Each structure stands twice: as structure tokens, then as C-alpha cells.
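The next block holds one structure in the form of C-alpha cells; read it before the comments.
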Amino acid sequence: QVQLVESGGGLVQPGGSLRLSCAASGIIFRIYTTAWYRQAPGKQRELVAQISSGGVTDYADSVKGRFTVFRDNAKNTVSLRMNSLSPEDTAVYYCNVNAYPNDYWGQGTQVTVSS
């Protein structure tokens with residue numbers, strides 16, 4: 001059974017930083033592209049950042065230069081370092097593993113940016 005468990009969300013002031021982590025189990029993690037998505041209230045889920053099995057990264061334009069995605073295949077984890085956070089980054093953040101034809105998701109972790 002595949003499980004993805006996110007951690008690290010919380011409340012942070014504008015301009016602050018957070019690091020999200022996702023721990024995977026039940027899957028050969030290292031061979032798949034992993035990603036972080038987010039969903040704000042009333043909006044569709046959107047891709048934030050992804051990292052391929054080979055370490056190639058891609059980011060949404062809105063987070064380029066502020067967010068960094070990285071993975072540790074030995075520990076089966078993918079993390080998202082978020083800097084210079086703004087209220088527009090407030091959302092539930094989800095970890096994703098694209099193991100075509102299967103698509104696995106974590107339960108989500110809330111990030112709230114507010115003063």
C-alpha cells in the first residue's frame with residue numbers, strides 16, 4: 001500500500017519561510033517524478049514544483065526563485081523549501097507521485113501566510 005505523508009505546514013508571516021516534507025512508503029520512490037501541488041480556497045489545484053527521477057526540476061512561474069524542490073531517494077522523501085512567502089501562497093499543499101498509470105497523493109498540509 002502506497003502512503004505519502006506530508007509535514008511542515010503551518011502559519012507564517014509574510015516574508016517568512018517554511019519547509020514541507022513528504023515521506024513515501026510502499027513504492028519504488030526513486031524511479032518516479034514527484035511533485036508538490038497546492039489548492040487555495042475556491043481555486044483549482046495547481047502544480048507548484050516537480051522533480052524527476054534524475055533530479056530535473058520545474059516550477060510554476062509564481063514560485064520561481066522563491067521555492068526549491070529537492071528529493072532524498074535514500075530516505076524516500078521529497079521536500080519543498082519556500083522562501084519569501086506571501087498571502088497568495090496560502091493553500092493546502094499536496095505531495096504527488098506520478099507512477100503512471102497510477103497517481104498517488106498525500107493528505108495535504110495547510111500553509112497559511114498571514115500577519
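The values are calculated or read from the model by the stated rules, or taken from the named source; none is laboratory data. Remember, predicted model here, so these are calculated numbers, not experimental data. Every residue, glycine among them, receives a Cβ derived from its backbone with ideal geometry; neighbour counts consider all protein chains shown. Just the protein is used for accessible areas: all its heavy atoms, side chains included, with ligands, DNA and RNA removed. Shrake-Rupley method; radii C 1.70, N 1.55, O 1.52, S 1.80 Å.
Would you pick out the residues in region 32-59 that are hydrophobic (A, V, I, L, M, F, W, C) and under 12 Å from the mean Cα position of the chain (by Cα)?
To start, the set of residues in region 32-59 that are hydrophobic (A, V, I, L, M, F, W, C) comprises 35-36, 40, 47-49, 51, 56.
Passing the criteria: ALA35, TRP36, LEU47, VAL48, ALA49, ILE51.
The strands (runs of 3 or more DSSP E) falling completely within region 1-85 that include 3 or more residues that are closer than 17 Å to VAL111 by Cβ and open to solvent by less than 50 Å² (accessible area, probe 1.4 Å) map to 18-25, 33-39, 77-82. Checked against (1) within 11 Å of the chain's Cα centre (by Cα); (2) within 16 Å of ASP103 (Cβ to Cβ), SER21 meets all criteria but (2).
Checking every residue in region 99-112 against the condition of being under 28 Å from GLN1 (Cβ atoms), part of a strand (DSSP E or B) and small (Gly, Ala, Ser) gives at least one match.
Only one of (1) more than 15 Å from SER21 (Cβ to Cβ); (2) modelled with pLDDT under 95 is not met by ASN73, so which one is it? Among (1) more than 15 Å from SER21 (Cβ to Cβ); (2) modelled with pLDDT under 95, ASN73 violates only (1).
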